[in-house]
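These notes concern the structure reproduced below.
The values are calculated or read from the model by the stated rules, or taken from the named source; none is laboratory data. As the structure is a prediction and not an experimental result, all values here were calculated from the model. Please note that ligands, DNA and RNA were not included when accessible areas were found on the heavy atoms of the full protein model with its side chains. Shrake-Rupley method; radii C 1.70, N 1.55, O 1.52, S 1.80 Å.
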Amino acid sequence: MRRYIRSTITGLTAGLLAVSSGVAAQAASREAEEGWDSPPACVHINSDWRYTFVTNDCSSAYDVTVVYRDGANVPCRVASPGDIISFPGYGTQGNTVLGVALCAVAGRKDGRLEATPRL
């Protein structure tokens with residue numbers, strides 16, 4: 001019985017790893033297709049039907065927006081270290097949140113805020 005349980009757990013674990021690898025590869029190819037840059041791994045997203053939360057656990061601030069399947073355009077927002085920013089969720093009409101994208105803001109490089117000297 002123990003051998004059956006172990007083999008089942010091992011098989012399920014291997015299957016989950018294969019699926020998660022495929023999802024990550026699909027997300028990366030979709031980002032390249034859509035032409036948006038994803039933020040570093042320390043910027044996290046959590047989405048439900050009403051809200052999408054972007055959390056910045058990085059030591060730098062980033063300009064971010066959320067990318068939706070239907071192409072909805074939401075404004076860029078500054079995510080300072082430790083911030084949790086809310087965006088619209090995916091709604092009840094079957095829209096999907098594809099991910100977080102760095103914004104190209106004039107005077108900033110790759111979505112990262114540059115330090116400006118104080119005068």
Exercise. Could you check how much of the accessible area of the range 43-102 is carbon and sulfur, as a whole percent, using a 1.4 Å probe?
Key: 48
Quiz prompt | Accessible area per residue in Å² at 1.4 Å probe, computed on the range 43-102 | solution = 53
Practice problem: Would you mind calculating the gained length between residue 96 and residue 51 on full extension (0.36 nm times residue separation, minus the Cα-Cα distance), in nm to one decimal? | Solution: 15.0 nm
